[in-house]
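*Asks:* Have a look at this one before I ask anything.
The values are calculated or read from the model by the stated rules, or taken from the named source; none is laboratory data. The structure displayed is predicted, hence computed values, not measured ones. Every residue, glycine among them, receives a Cβ derived from its backbone with ideal geometry; neighbour counts consider all protein chains shown. The protein model used for the area step is the full one, side chains on, heavy atoms only, and it has no ligands, DNA or RNA in it. Shrake-Rupley method; radii C 1.70, N 1.55, O 1.52, S 1.80 Å.
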Amino acid sequence: MPYVEEEKANETPIPVRNPSPNLSSKKNRAPSWSDIWPLKRVVFTMQLPESLPDGDKTLISNFSRIDRTLLLSDDILLRILSKLPVSQRNANSLVCKRWLNLQGRLVRSLKVLDWEFLESGRLISRFPNLSNVDLVVGCFVRRMGAGVFWSHRLVSLHIDSCFSRFCDDEGMLLPVEIIDRGLKALACGCPNLRRLVVIGASEFGLLSVAEECLTLQELELHKCGDNVLRGIAACENLQILKLVGNVEGFYNSTVSDIGLTILAQGCKRLVKLELSGCEGSFDGIKAIGQCCQMLEELTFSDHRMDEGWLAALSYCENLKTLRFVSCKKIDPSPGPDEYLGSCLALERLHLQKCQLRDKKGVRALFRVCEAVRELVFQDCWGLDDDIFRFANVFRFSLISVFVTVVYISKFRRVKFLSLEGCSLVTTEGLESVILSWTELQSLRVVSCKNIKDGEVSPALSTLFSVLKELKWRPDTKSLLASSLAGTGMGKRGGKFFKKM
């Protein structure tokens, strides 16, 4: 098993010329530098200094037997290697020790698979310019011959067949002292670290990272608790943070209002925050909104917030994007409408794989997000016509006529709507909502089986004709039928099995 795994960037590969046909006759002998090195002509044109001794001139003149790259400085050769495709890095590092060291300087992103590689110091000496390091897999005890591959959307690793549930007693995770010691070594060796992913660290390990890596901007922390967040609070320049507190069936850790308040008071420059499996309530979210005034993107994944927390979102005055991912609930008891408030700067609301059966919670969420321009539903359970019509719920609310008109006009600002995998929404429910959105410009409907082409009304057809962007694939069956039209397929054999 390799010690590390390089995380490849999205780079366009550089085309490589096909080898010359006359090289096919040279397969039986070892290739020389004159055959494989593309800068042969450049080195031959380099003039040798006249002051060189006769012995050195004789040695250098025999270029077919020596490494011609010795004439190039490390800086020049490093620039040449940086222009080559990422797919050739492993092959380049095998040329010689010098190329191995130079190639290591080009690596910026790495995933550590073996903790010993970090603790022994080989990681730092091999890759001194790292800026993005993922330590999650390396923090687990290596199981030799483990035949079960455990995969989760947050982490994947090999485990024993007798594994039932994660806990510290089973020795799945390295001791906290070892993880903290490795973090300290990494921070001292890579002071320019910008992104770090780790699991099971304590506040002391994170404090060492905060003290040495002043440019750290992104942190993803698994299995964290309130005490651990004291170390994160020391990262004053942190802008992107993901906290994973609880993963069902894997590990349990608690992030409550105490930890969220500590985080808010220390990391005031946060721009993006994701809370996955975290607990909390109104007070914790309020503290984040009041202290982290630069926060623009907030994500809740499988949250365990107490009832009434939704009203605290109004304190996030500059929030532009709000996401809910794999949430079993929104807010069962959001409280009276007059206490909810709203996020006036919010532009995007995304709900992915969430359960939206609770009408009170969904209605309150729409009220808080009344100013959104982009609304996305993806594979949400319980989203039927009644729930979807809450996008215009203020039209039917028992409040003053003036306030009702204001709220309806607010929601008419929606310019983009996406429905994917929402099988309970019908054509009538879709039409009753989007016809009142006068500023709608883009519509995307995919895999919604109860939305039928034959049920589209003339008013809805007129709306489709004025949209700037339309993706209409509600029923996969109708899409298949239209794509097979004229081919003869789907008709009991059609043209393939004709009687003679």
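*Asks:* Of all residues in region 444-462, which are closer than 21 Å to D386 by Cβ and either assigned to a strand (DSSP E or B) or open to solvent by less than 30 Å² (accessible area, probe 1.4 Å) (or both)?
*Replies:* Residues satisfying the conditions are V445, C448, I451, S457, L460.
*Asks:* Ok, one more. Of all residues in region 325-347 being in contact (Cβ under 8 Å) with a residue 24 or more places away in the chain and acidic (D, E), which is farthest from A311 (Cα to Cα)?
*Replies:* Per the stated criteria, the residue is E347.
*Asks:* In the set S409, S465, which member is open to solvent by 70 Å² or more (accessible area, probe 1.4 Å), of a type in the set (S, T, Y) and either modelled with pLDDT under 90 or in a helix (DSSP H, G or I) (or both)? Write out each step before concluding.
*Replies:* Numbers: S409 fails: open to solvent by 70 Å² or more (accessible area, probe 1.4 Å).
One residue alone meets the criteria, S465.
*Asks:* Inspect all residues belonging to region 84-93 and state whether any of them is modelled with pLDDT under 75 and either open to solvent by 60 Å² or more (accessible area, probe 1.4 Å) or more than 30 Å from V209 (Cα to Cα) (or both).
*Replies:* Yes, some residue in region 84-93 is modelled with pLDDT under 75 and either open to solvent by 60 Å² or more (accessible area, probe 1.4 Å) or more than 30 Å from V209 (Cα to Cα) (or both).
*Asks:* Shifting gears a bit: Evaluate region 415-425: report whether one residue or more is in contact with a helix residue (DSSP H, G or I) (Cβ under 6 Å, 6 or more places away or on another chain) and either more than 16 Å from D384 (Cα to Cα) or open to solvent by 10 Å² or more (accessible area, probe 1.4 Å) (or both).
*Replies:* Kept after step one, since they are in contact with a helix residue (DSSP H, G or I) (Cβ under 6 Å, 6 or more places away or on another chain), are these residues of region 415-425: 425.
In the following step, the residues that additionally are either more than 16 Å from D384 (Cα to Cα) or open to solvent by 10 Å² or more (accessible area, probe 1.4 Å) (or both) were identified as none.
Checking region 415-425: not a single residue is in contact with a helix residue (DSSP H, G or I) (Cβ under 6 Å, 6 or more places away or on another chain) and either more than 16 Å from D384 (Cα to Cα) or open to solvent by 10 Å² or more (accessible area, probe 1.4 Å) (or both).
*Asks:* A further question follows. If only one of N246, N192, N252 is over 26 Å from S120 (Cβ atoms) and either in contact (Cβ under 8 Å) with a residue 12 or more places away in the chain or buried (at least 21 other Cβ atoms within 10 Å of the Cβ) (or both), which one is it?
*Replies:* Matching residue, one of N246, N192, N252: N246.
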